[in-house]
Amino acid sequence: MKIGVVRGAENINVTELGMYAQLGRYGHHVELVCSDWTWVTEADAGMPERRLRPPWLAGRITRTVAGGFLVGQVSPYRYLHQYLRGFHRAVADFDVLSPVDLGHPTSYQSVQERKFGKKVLLYCADNIPFNWPHDRPLREHYDAVLDGADHFLALSEGAKRTLRSEGVGEPRISRLNVGIDVDYWKPSDAAVARRPGEPLRILFVGRLQWHKGLQSVFEALELVTIPFELTVIGRGPEEPRFRWLLEQRARRGNPTLRERVRFVTERVSREELLHHRQSADVQVVPSIPNSLWREQMNFAMLEGLSCGLPAIASDSGGIPEAVTDGVHGWLFAPDNPVEMAAAIDRAAGDVPGRHRMGAAARDRIVNEYRLETQGAALAEIVRTKLSGT
């Protein structure tokens, strides 16, 4: 069977492609159908790519008008940069198309191909029901995707509940964890000797946007009673804002916070990221939900857990599905710096407990998120739900 993994946005999550790459072991041919604007290479994706250009207006509208929002909240042009031009011709030889999420334009493009004999396997992480404007034409878009997809892969229990609440029957949904390469993302073989009184090494990996909660980490770190070092790895539109926050604190009597925070905003290699994770003591995942967004499943957090890195994380979205409080890390209420600071202090003061949680986190990822296991489960779904055998 020939399967096209369809991703229209420029920012493709490489981790979620790993399960699809596993399908080659089961006799399937898999290719990535993606935007010409993406940075993801064939080596990153682990599969061949077919690159398509967005409509020529995309650069004029969505790149110059703050994501295209000024062209109308219910206009399809809001997402123009995620459409793929020449899509019908490019996917003509595929048997199955697998786009991501209900609202992506390429999900709509994929279900339109069913009239030409294609099957559609939609990978869904949406975890807020009815999270779109209920006006035309976006309502018609969502209706077409919900009605037209042959089968849905639910990334989390929240995603499964969302699909069920929107009327998708249980037989059309399969629950599937993301696959993590546990043979790569693993703890260091060499134990790092720590001297008494050394700072707690905290790692944040994520996109620098307000809802990811980095500003809440800064507030919490002003409340902790222990020495620490925070490394921030990521890029995003609000990086200048976060740097400005540190400058404001330095100007108003707290220069030590700025000195203890290090930004790594250039693109880091996989090897460098592994080194950062193996060198840290804990990871912080401070996501803050709002009316339009909840953390679906933080892939960076899962990779950190696989490295034996316990999580200090907000109790929101899909995070509690992977992190049990007191077992794999510490959970705190979203946007609550006081609770986060208390968790950081506990992590610093209980070294044996921290190591125990790190080992438990590693075991959970190995047992429930291993890439090969999830790839086999995906192959079984393709066989039983799409090929009829």
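The values are calculated or read from the model by the stated rules, or taken from the named source; none is laboratory data. Just so we're clear, the structure is a prediction, and the values are computed from it rather than from any experiment. Neighbour counts run over all protein chains shown; Cβ positions are idealised from the backbone, glycine included.
Things to note:
- The stretch 237-246, residues that are part of a helix (DSSP H, G or I) and not acidic (Asp, Glu): Pro240, Arg241, Phe242, Arg243, Trp244, Leu245, Leu246
- Complete set of residues in the stretch 315-325 that are in a loop (DSSP other than H, G, I, E, B) and touching a helix residue (DSSP H, G or I) at 6+ places or on another chain (Cβ under 8 Å): Gly317, Gly318, Val323
- Residue match in the stretch 364-376 (condition: out of contact with any Gly (no Cβ under 9 Å at 6 or more places or on another chain), assigned to a helix (DSSP H, G or I) and among the charged types (D, E, K, R)): yes
- Looking at Leu309, Leu305, just one residue is within 16 Å of Leu230 (Cβ to Cβ) and either assigned to a loop (DSSP other than H, G, I, E, B) or not assigned by TED's automatic domain parsing to the domain that holds Gly158 (or both), and that residue is Leu309.
- In the set (1) touching a residue at least 40 places away in the same chain (Cβ under 8 Å); (2) surrounded by fewer than 22 Cβ atoms within 10 Å (Cβ to Cβ); (3) in contact with an Asp or Glu (Cβ under 8 Å, 6 or more places away or on another chain); (4) assigned to a loop (DSSP other than H, G, I, E, B), Leu146 fails one condition alone, (4).
- Within the stretch 178-194, the set of residues being within 15 Å of Ala361 (Cα to Cα), modelled with pLDDT under 95 and not hydroxyl-bearing (Ser, Thr, Tyr) is empty.
- Leu32 at pLDDT 95 or above, in contact with a strand residue (DSSP E or B) (Cβ under 7 Å, 6 or more places away or on another chain) and not in a helix (DSSP H, G or I): yes
- Any hit, the stretch 335-352, residues being outside the structural domain of Glu157 (by TED's automatic domain parsing), within 20 Å of Leu274 (Cβ to Cβ) and modelled with pLDDT of 95 or more: no
- Check on Gly253, closer than 18 Å to Glu222 by Cβ, surrounded by fewer than 21 Cβ atoms within 10 Å (Cβ to Cβ) and either modelled with pLDDT of 95 or more or not acidic (Asp, Glu) (or both): yes
- Residues of the stretch 117-142 that turn out to be outside any loop (DSSP other than H, G, I, E, B) and either outside the structural domain of Arg89 (by TED's automatic domain parsing) or modelled with pLDDT under 90 (or both), as a count: 5
- The one condition from (1) part of a helix (DSSP H, G or I); (2) not assigned by TED's automatic domain parsing to the domain that holds Pro337 that Arg249 does not meet is (2).
- Taking the stretch 19-29 as the range and being touching a strand residue (DSSP E or B) at 6+ places or on another chain (Cβ under 8 Å) and buried (at least 20 other Cβ atoms within 10 Å of the Cβ) as the test, the residues that pass are Tyr20, Leu23.
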